[in-house]
1. How many of the residues making up region 232-245 are surrounded by fewer than 18 Cβ atoms within 10 Å (Cβ to Cβ) and at negative phi?
2. Quick one: VAL219 ticks every box in (1) touching a Pro at 6+ places or on another chain (Cβ under 8 Å); (2) β-branched (Val, Ile, Thr); (3) modelled with pLDDT under 95 except a single one, so which number is it?
3. Only one of (1) in contact with a Ser or Thr (Cβ under 8 Å, 6 or more places away or on another chain); (2) surrounded by fewer than 20 Cβ atoms within 10 Å (Cβ to Cβ) fails for VAL229. Which number is that?
4. Could you identify the single residue in VAL181, VAL141 that is over 15 Å from the mean Cα position of the chain (by Cα), more than 25 Å from VAL243 (Cα to Cα) and surrounded by fewer than 18 Cβ atoms within 10 Å (Cβ to Cβ)?
5. Which of the residues that make up region 222-269 are over 17 Å from VAL192 (Cα atoms), of a type in the set (A, V, I, L, M, F, W, C) and either within 17 Å of the chain's Cα centre (by Cα) or modelled with pLDDT of 95 or more (or both)?
6. Considering only region 103-136, state which residues are in a loop (DSSP other than H, G, I, E, B), among the charged types (D, E, K, R) and within 20 Å of ALA52 (Cα to Cα).
7. Just give me the residues in region 52-102 being assigned to a loop (DSSP other than H, G, I, E, B), in contact (Cβ under 8 Å) with a residue 60 or more places away in the chain and over 17 Å from ARG258 (Cβ atoms), in sequence order.
8. Search region 104-126 for residues that are farther than 20 Å from CYS84 by Cβ and pair each with any residue that is of a type in the set (Val, Ile, Thr) and surrounded by fewer than 17 Cβ atoms within 10 Å (Cβ to Cβ) when their beta-carbon atoms are under 7 Å apart and the residues are at least 6 apart or on different chains.
Amino acid sequence: MLPLLPASRLASAALLGAILLGACAPTPARTAGSAAAGTPGLQVAAEVEADAAAFRAAFSDLGVAWVAAGRACVARAPEYRVTCPKLPPVVDVAWDGLDVWAAVPSLAQVVTVDRAPRNVNVGRVVRLSAVAAYREDGSAVSYAGAARPGVLGAPSAALTGGDGVDYARVRGTLVRVPDGVLLRGAAGPYLVVTPGGAEAAEAPEVVTAAGRYRLAGGVLDWRDGAGVVRARVPHGPGRVGRVGQEIVTVSAAGTVRRFTPDLSAELTR
């Protein structure tokens with residue numbers, strides 16, 4: 001017969017066994033989502049990306065068009081009277097000459113926002129430029145329905161640069177569309193028109209011959225070619241662009257504001 005252990009020895013053995021079992025138990029895995037949620041930098045970047053995707057604007061010498069929360073609107077110069085037609089959810093807008101086009105994935109069409117009603121069957125389009133509609137797979141088509149050069153994958157942003165060439169942001173990289181060249185430099189979620197083409201930025205901007213206009217941190221500022229801040233005015237979140245000789249901003253709520261190039265005066269309608 002085996003000798004009986006004292007009660008104190010039995011309790012110690014039981015405690016040791018529990019500790020060993022606990023050490024061998026698998027540790028719950030951390031998901032990517034929980035890691036991102038605990039990383040402020042990643043969370044802010046995700047919020048910026050979401051903002052850039054949900055609220056988009058396009059500027060031309062004729063006015064400004066925008067889409068916010070799926071609703072497309074246009075305000076034509078010089079009256080800047082806002083028009084928001086009733087359409088299914090829209091994901092992007094762009095100027096093509098006199099017309100403003102809206103991308104409506106549920107219809108697999110692009111449709112005009114105002115003026116004469118027109119629609120073109122183009123498939124499920126996700127982004128627009130002044131000359132092309134880009135589908136989910138990166139292929140592109142003109143507003144007349146003709147094939148255009150595309151990109152590899154769905155672009156998160158697209159526009160026609162100051163050089164008349166299309167640029168797209170694909171998987172965080174800025175691409176010059178016709179030749180597929182990947183452009184180095186900042187790869188923020190906002191595409192910016194420059195006199196010589198386009199670039200990606202971390203905040204809404206536009207670059208003109210007079211310098212760079214940036215809308216961020218509660219201000220609209222103007223920096224000259226050397227990067228020196230020449231003027232700034234208080235301003236809420238929005239998008240900024242050039243309309244004729246004016247600097248024009250629009251908010252997601254549809255408030256349009258106009259400024260002189262030196263930001264010395266806000267223009268009234």
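The values are calculated or read from the model by the stated rules, or taken from the named source; none is laboratory data. Since the model is a prediction, treat every value here as computed from it, not as a measurement. No Cβ is skipped: glycine too gets one built from the backbone with ideal geometry, and neighbour counts run over all protein chains shown.
1. 6
2. (3)
3. Going through the list (1) in contact with a Ser or Thr (Cβ under 8 Å, 6 or more places away or on another chain); (2) surrounded by fewer than 20 Cβ atoms within 10 Å (Cβ to Cβ), VAL229 breaks only (1).
4. That would be VAL181, the only listed residue that is over 15 Å from the mean Cα position of the chain (by Cα), more than 25 Å from VAL243 (Cα to Cα) and surrounded by fewer than 18 Cβ atoms within 10 Å (Cβ to Cβ).
5. Across region 222-269, the qualifying residues are VAL228, VAL229, ALA231, VAL233, ALA252, ALA253, VAL256, PHE259, LEU263, ALA265, LEU267.
6. ARG124, GLU136
7. Those that are assigned to a loop (DSSP other than H, G, I, E, B), in contact (Cβ under 8 Å) with a residue 60 or more places away in the chain and over 17 Å from ARG258 (Cβ atoms): ALA69, CYS84.
8. none
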